[in-house]
Amino acid sequence: MIHKDFSRGALMVLAALASSLGCSVALAQTREASSSGELLDRVAATVNEGVVLSSEVDEQMMMLTDRLRDQKLDLPPQNVLRQQVMERLVLQELQMQRANRAGIKVSDEVLNNALRDLAEQNRIPLARLPEALASQGIDYASYREGMRKELAMQMLRQRDVFARINVSPREIDQFIERQKKLPSADQEYNISHILIAVPQAATPEQLAEAENKANEVFQKATAGEDFARLAVANSNAQTALEGGALGWRKGPELPTFLAEVVSGLKGGDVTKPIRTPSGFHIVKLNEMRGSTSSSIVNQVHVRHILIKPNELQDDATVQQKLATIRDRIVSKGENFTAVASVVSEDPGSAAEGGDMGWAGPGTFVPEFERQIAQLQPDEISEPFRTQFGWHIVQLLGRRQFDNTQDMVRQKAFQALRESKADEETELWLRRLRDEAYVEYKL
């Protein structure tokens, strides 16, 4: 029996997340062995030195089919859905292989914090998360491992994509000027999109084929065919199996190629194919809504030292190294700024002695913000883990701050980085795929 605190909406979110994480459910737990003792499973695809199993494809097919039906979306042909699922699993396997080579590991502490955040978002106590998942037929242990895998992929993307996105002062100036004529930061847009991808070194024939396909999809969308169904059947984006949904985004957070387009759309409008380096995008504006934000924000001023685990030093080694550094600063009076400038592996703050400036709510990942919230001014935290590595952080001060030009520029920087991230991630995934050896067996 489902406890009354478990709302249907919360459970649907958890079930959808389980599907997107590729978590194993009952099907995975009931694989049977043949009379000879061999597992009844087959290789669906060879991916470099790894594999995607037929059972993994079947699990995803089952969960996605149930979810699409729950959302009352028309199902694409089974062979089309299977191909989309297999391609997603191939990309997940490629990312996990790369994460393992880079020594990226998700500790139990980071995993538990992520699960706690998920439970809080769905208004479910963490202790009852297993019960909520079980009510949806989802095994908690398998869900945890699926979440661990997703966090590892996020950490990899942070390292390979986000950390390499540069935003110059001139871009910020231009962005602020442009925003005066573009969608407001106080307006939110619910959008979906379809990507018809093109290879990095596409031939004229491949470009023409992709453009023709994009135009065909656009014609179907404008003729009234369900956009989500078209996305599932045709899109090469990572959101394809979610019906292309990008969710609610404020104006400055929209992908760069959309910023000048969406302001001219009404709810339900679909854009003509838009060409970008990753391919052709067809975008639908589902809804718009206004939002308001206070001009007064609570800010914190912090500095930190970041050290990342790698092949030569594991989590325990890095944690002990930071504990020793903290002791040198606290007990022996070494200068935090001097130490940070030498040992910190955060390229954005090391040159400033670890100083991250004044920052408002939501600037840092939840684990980092939780540590800051527990500190008194000048206090230095014990070493803790986030998706970026191990940190110690010192709180330098707190203040209430009016939303002046400095805050405007900070928001502009964050929005520019976010707007570049979607396109850069798609290009990065295309490169991973193009450089890999993949052989489909089914």
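The values are calculated or read from the model by the stated rules, or taken from the named source; none is laboratory data. The structure presented is a predicted model; accordingly, all values stated were derived computationally and were not measured. Positions of Cβ are backbone-derived with ideal geometry, glycine not excepted, and every protein chain shown enters the neighbour counts.
Results for (1) more than 23 Å from GLY251 (Cβ to Cβ); (2) charged (D, E, K, R); (3) in the same structural domain as ALA152 (by TED's automatic domain parsing); (4) assigned to a strand (DSSP E or B), shown as yes or no for each residue.
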site: LYS284; (1), (2), (3), (4): no, yes, no, yes
site: VAL300; (1), (2), (3), (4): yes, no, no, yes
site: GLN313; (1), (2), (3), (4): yes, no, no, no
site: VAL318; (1), (2), (3), (4): yes, no, no, no
site: LYS321; (1), (2), (3), (4): yes, yes, no, no
site: ASP327; (1), (2), (3), (4): yes, yes, no, no
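Here is the figure for segment 329-386: residues that are in a strand (DSSP E or B) and farther than 29 Å from ASN166 by Cβ total 1. Examine segment 381-402 for a residue that is more than 30 Å from GLU87 (Cβ to Cβ), of a type outside the set (Val, Ile, Thr), exposed (fewer than 15 other Cβ atoms within 10 Å of the Cβ) and without any contact (Cβ under 8 Å) to a residue 40 or more places away in the chain, and state whether such a residue exists. No, every residue in segment 381-402 fails to be more than 30 Å from GLU87 (Cβ to Cβ), of a type outside the set (Val, Ile, Thr), exposed (fewer than 15 other Cβ atoms within 10 Å of the Cβ) and without any contact (Cβ under 8 Å) to a residue 40 or more places away in the chain. Residues in segment 332-351: is at least one buried (at least 18 other Cβ atoms within 10 Å of the Cβ), among the acidic types (Asp, Glu) and touching a strand residue (DSSP E or B) at 6+ places or on another chain (Cβ under 6 Å)? For segment 332-351, residues buried (at least 18 other Cβ atoms within 10 Å of the Cβ), among the acidic types (Asp, Glu) and touching a strand residue (DSSP E or B) at 6+ places or on another chain (Cβ under 6 Å): present. Is it fair to say GLU426 is within 30 Å of SER54 (Cβ to Cβ) and not in a helix (DSSP H, G or I)? Judged against the criteria, GLU426 is not a match.
In a residue-by-residue description of segment 214-230, the property of being in a loop (DSSP other than H, G, I, E, B), under 26 Å from the mean Cα position of the chain (by Cα) and over 23 Å from ASP269 (Cα atoms) applies to no position.
Among the residues of segment 231-248, just one is touching a strand residue (DSSP E or B) at 6+ places or on another chain (Cβ under 6 Å) and within 17 Å of THR65 (Cβ to Cβ), namely ALA231.
Taking the condition part of a helix (DSSP H, G or I) and without any contact (Cβ under 8 Å) to a residue 12 or more places away in the chain, does ALA114 pass? It is false that ALA114 is part of a helix (DSSP H, G or I) and without any contact (Cβ under 8 Å) to a residue 12 or more places away in the chain. In the set GLU109, GLU93, which member is among the acidic types (Asp, Glu), modelled with pLDDT of 90 or more and part of a helix (DSSP H, G or I)? The conditions single out GLU93. Among the residues of this structure, ARG148 counts as one that is of a type in the set (D, E, K, R), surrounded by 14 or more Cβ atoms within 10 Å (Cβ to Cβ), outside any strand (DSSP E or B) and not assigned by TED's automatic domain parsing to the domain that holds ASP269. Name every residue in segment 339-372 that is hydrophobic (A, V, I, L, M, F, W, C) and under 18 Å from ASP406 (Cα atoms), in order of residue number. Those that are hydrophobic (A, V, I, L, M, F, W, C) and under 18 Å from ASP406 (Cα atoms): MET356, TRP358, ALA359, PHE364.
How many residues does segment 78-92 hold that are among the charged types (D, E, K, R) and under 16 Å from the mean Cα position of the chain (by Cα)? Number of matching residues: 1.
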